[in-house]
1. Any residue at all in the stretch 256-278 that's at pLDDT 95 or above and either over 29 Å from residue 369 (Cβ atoms) or touching a Cys at 6+ places or on another chain (Cβ under 8 Å) (or both)?
2. Return only the number of the condition from (1) more than 10 Å from the ligand (Cβ to nearest atom); (2) over 17 Å from residue 154 (Cα atoms); (3) modelled with pLDDT of 95 or more that residue 11 does not satisfy.
3. Give 395, 423, 468, 435 a once-over and let me know the one that is touching an Asp or Glu at 6+ places or on another chain (Cβ under 7 Å), aliphatic (A, V, I, L, M) and surrounded by fewer than 18 Cβ atoms within 10 Å (Cβ to Cβ).
4. When you look at residue 126, is it modelled with pLDDT of 95 or more, in contact with a Lys or Arg (Cβ under 7 Å, 6 or more places away or on another chain) and either surrounded by 24 or more Cβ atoms within 10 Å (Cβ to Cβ) or part of a strand (DSSP E or B) (or both), yes or no?
5. Looking at the stretch 33-43 only, could you name the residues that are exposed (fewer than 12 other Cβ atoms within 10 Å of the Cβ) and within 15 Å of the ligand (Cβ to nearest atom)?
6. So residue 143 passes all but one of these: (1) surrounded by 24 or more Cβ atoms within 10 Å (Cβ to Cβ); (2) more than 20 Å from residue 335 (Cα to Cα); (3) more than 14 Å from the ligand (Cβ to nearest atom). Which condition number does it fail?
7. What number of residues within the stretch 95-137 satisfy the criterion of being of a type outside the set (A, V, I, L, M, F, W, C) and in contact with a Leu (Cβ under 8 Å, 6 or more places away or on another chain)?
8. Name the single residue that is surrounded by the most Cβ atoms within 10 Å (Cβ to Cβ) among those in the stretch 367-392 being out of contact with any helix residue (DSSP H, G or I) (no Cβ under 7 Å at 6 or more places or on another chain) and not in a helix (DSSP H, G or I).
Amino acid sequence: ELADIGVTGLAVMGRNLARNLARHGYAVAVHNRSAGRTKELVETFGGEGTFLPAEELKDFVASLKRPRRAIIMVKAGAGTDAVIDQLAELMEPGDMIVDGGNALFTDTRRREAALRERGLHFVGTGISGGEEGALNGPSIMPGGSAESWEALGPILQDISAKVDGVPCATHVGPDGAGHFVKMVHNGIEYADMQLIAESYDLLRQGLGATPAELAEIFREWNTGELESYLIEITAEVLAQVDAETGAPFVDVVVDQAEQKGTGRWTVQSALDLGVPVTGIAEAVFARALSGHPEQRAAARGLEGPSVSGVAGRELIEDVRQALYASKIVAYAQGFDQMAAASKEYGWDVDPGAMATIWRGGCIIRARFLDRIRQAYDGAELPTLLADPYFADALAVAQESWRRVVTTAVSIGVPTPGFSSALAYYDALRRDRLPAALVQGLRDFFGAHTYHRVDREGAFHTDWSGDRAEHPA
Ligand code: NBP
């Protein structure tokens, strides 16, 4: 018997993906660099379906039906290149190599181009949902050729999460499109978590609420428009009590946030594309700031506000509104970045389809992604904020949002996510921006020229001479 598909790299993600495939009735070839993991998988979970274990990569490849479909689930980076090279040597034109790791999309573009030369399909695919999702239904974001999607799509849709019967897997676009979209997904995840953390911090400091009380507040929020996986697990983490000390779990965890890099990549790409993703950038920088204990220790004695006053209960609803509004801004920015990259690289990414496959399976799954799907349904939206549903939500939220930022500033609780999202909102809706003055300054010191509101063309003022204006 030959396998329908193969998985090489059997750490948590690969193992669970292989099990998911087997549970859906596919015969799955399995391989890992060190054979122990392969053996363990078959011994422990062999009863769940058909696994074809191989110790050597050549036997793994030989056990696959043609055209061959092999998924790589190894640590992203040099290991991925090594495995791709070995697989490519053993494969034939028309075969498909799928990289399900968190690869940088530029690596995926390079690998896809190289394999295309050899007649192989290379599919860089985002897979979100962690180990639980890999097993029970992740959100899957494959790039690569349309032809490879034809051969892989039915399997990927089969094993993905479903929302209202719709699979959370679709062809994102050519070459690196899938990994790009997964990267932005992770960037949005950073922003979302930062906003949740700010909500927690502000309510804890402002109201003097305990983590257990805050868990209740988040649980309540999860029944409304904020309903999402991240809000749900926030309630769980806040309710957790440390077994050893009896203290709230959040109080025994070192307050330095780590990162593996997808948030940073998102911001780096956004800088290149010229897209303001302030929500994601603030989240990445907030994690970086938390990770500098020496600076934090040195700054601890710096003067703070005289007001530390406790706010009233109405702060709870205000923070909920601020969280929702800031979240809308963060998602709007992420969708702008996908649109800009799609244009830059010729991917033709459908934003509504991305919102659709993020509704389930992935870490940022949320009720309001269905609203985003509806907003992009057939509409050319310059910004998500202009969609009538979201414009209304922001109109409802904005007074609360302003009070929250004001309160945070006055009691000295840092809320870079809330504040920058509000600044973005206010800047975008402005009739005139002070960018006009910036243009004047650039023309003054660098003769960089400017455009006029009333005439076509570029102009320069002779600042060092008679200050007369000349066409540039
Ligand atoms: P890890 O990222 O921890 O990688 C471990 C696997 O990579 C093992 O199978 C290991 O083989 C293999 N490997 C390494 Br390391 N170097 C190799 C090389 N040079 N050649 C062959 N194999 C090599 O595993 P993971 O947490 O399951 O994640 C797998 C991928 O999925 C990663 O790219 C990750 O970013 C991505 N991802 C993870 C999550 C998550 O929630 N964990 C979510 C979404 C995506 P060995 O057993 O012989 O050491």
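1. Yes, because at least one residue in the stretch 256-278 is at pLDDT 95 or above and either over 29 Å from residue 369 (Cβ atoms) or touching a Cys at 6+ places or on another chain (Cβ under 8 Å) (or both).
2. Checking residue 11 against (1) more than 10 Å from the ligand (Cβ to nearest atom); (2) over 17 Å from residue 154 (Cα atoms); (3) modelled with pLDDT of 95 or more, the one that fails is (1).
3. Residue meeting the stated conditions: 468.
4. Here the answer is yes, as residue 126 does meet what is asked.
5. Passing the criteria: 34, 36.
6. In the conditions (1) surrounded by 24 or more Cβ atoms within 10 Å (Cβ to Cβ); (2) more than 20 Å from residue 335 (Cα to Cα); (3) more than 14 Å from the ligand (Cβ to nearest atom), residue 143 misses (2) alone.
7. Adding up the residues that qualify gives 4.
8. Among residues in the stretch 367-392 that are out of contact with any helix residue (DSSP H, G or I) (no Cβ under 7 Å at 6 or more places or on another chain) and not in a helix (DSSP H, G or I), the one surrounded by the most Cβ atoms within 10 Å (Cβ to Cβ) is 367.
The values are calculated or read from the model by the stated rules, or taken from the named source; none is laboratory data. Note that the structure is predicted; figures quoted are calculated from it, not measured. Using ideal geometry, Cβ is built from the backbone for each residue, glycine included, and neighbour counts are taken over all protein chains shown.
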